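Worksheet: one structure, shown below.
The values are calculated or read from the model by the stated rules, or taken from the named source; none is laboratory data. Since this is a predicted model, take the numbers as computed values, not measurements. Cβ: placed from backbone, ideal geometry, glycine included. Neighbour counts: every protein chain shown.
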Amino acid sequence: MFVFFGDPAFSSAGEIYRWSDEKGTVHFTDDLSKVPKPYLDQVEKKGVPDETSEKRKVPKASKEEEPVAQSGGEERPDRVKEYLEDIENKIAAKKKLENEIAQLEEELRQCEERLKKIEERAREYPESFYSTYDPTRKKWVITSPEREEKARLTERIKEIKEELASLQEKVSMINRSL
């Protein structure tokens with residue numbers, strides 16, 4: 001969670017400093033002296049993005065006629081706020097993806113454990129296999145009670161690994177943009 005204080009120094013800051021604490025919470029400040037000493041080595045300096053040239057294209061007749069809003073001082077707090085909101089949204093998206101990854105990793109672990117138990121049971125009790133007639137192939141097939149479950153688990157493990165790779169790539173993209 002981000003807290004935006006109405007500090008005049010912060011609202012006109014051109015640089016923002018970012019660091020993460022031991023709990024993974026991301027912090028921001030415009031004053032490097034406010035960063036706790038244990039985190040000084042990991043501080044990242046971020047510049048506040050400049051306004052686009054389209055916003056600044058206003059014909060100037062004279063300094064007396066120039067509106068105050070065009071000086072840049074009025075718009076700067078909004079840009080900093082938008083920048084911080086963008087970072088906050090990215091961090092929220094990253095946390096959501098990380099939760100999905102954790103759930104998929106747990107499901108993957110459970111699937112692999114169950115598959116391992118099925119394979120151990122097949123080695124311990126080879127007599128649990130039996131023959132059934134497959135009318136589609138018109139022949140007898142040797143099968144086991146867990147055969148379908150093993151095939152289903154194998155397919156699900158493959159799907160989970162593909163999902164994990166995709167989610168981890170998304171997290172990596174978010175990390176690069178922060």
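Key figures
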quantity	calculated
Complete set of residues in region 132-157 that are exposed (fewer than 11 other Cβ atoms within 10 Å of the Cβ) and either assigned to a helix (DSSP H, G or I) or touching a residue at least 24 places away in the same chain (Cβ under 8 Å) (or both)	Glu148, Ala151
Residue in region 139-160 that is closer than 30 Å to Tyr17 by Cα and touching a strand residue (DSSP E or B) at 6+ places or on another chain (Cβ under 9 Å) present	no
Pairs with Cβ under 7 Å, 6+ apart, first in region 79-92 and farther than 15 Å from Asp30 by Cα, second hydrophobic (A, V, I, L, M, F, W, C) and at pLDDT 90 or above	Lys90/Ile174
Qualifying residue in region 91-103 (condition: part of a helix (DSSP H, G or I) and over 30 Å from Trp19 (Cα atoms))	no
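Each row is one residue, and each column tells you yes or no for (1) over 25 Å from the mean Cα position of the chain (by Cα); (2) modelled with pLDDT of 85 or more.
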position: Gln103; (1), (2): no, yes
position: Leu108; (1), (2): no, yes
position: Arg121; (1), (2): yes, no
position: Thr136; (1), (2): yes, yes
position: Arg156; (1), (2): no, yes
position: Ser166; (1), (2): no, yes
position: Ile174; (1), (2): no, yes
position: Leu178; (1), (2): no, no
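The rows are residues; the columns are (1) among the charged types (D, E, K, R); (2) more than 30 Å from Val43 (Cβ to Cβ); (3) touching a Leu at 6+ places or on another chain (Cβ under 8 Å).
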position: Gln110; (1), (2), (3): no, yes, no
position: Ala122; (1), (2), (3): no, yes, no
position: Glu149; (1), (2), (3): yes, yes, no
position: Glu159; (1), (2), (3): yes, yes, no
position: Ala165; (1), (2), (3): no, yes, no
position: Glu169; (1), (2), (3): yes, no, no
position: Leu178; (1), (2), (3): no, no, no
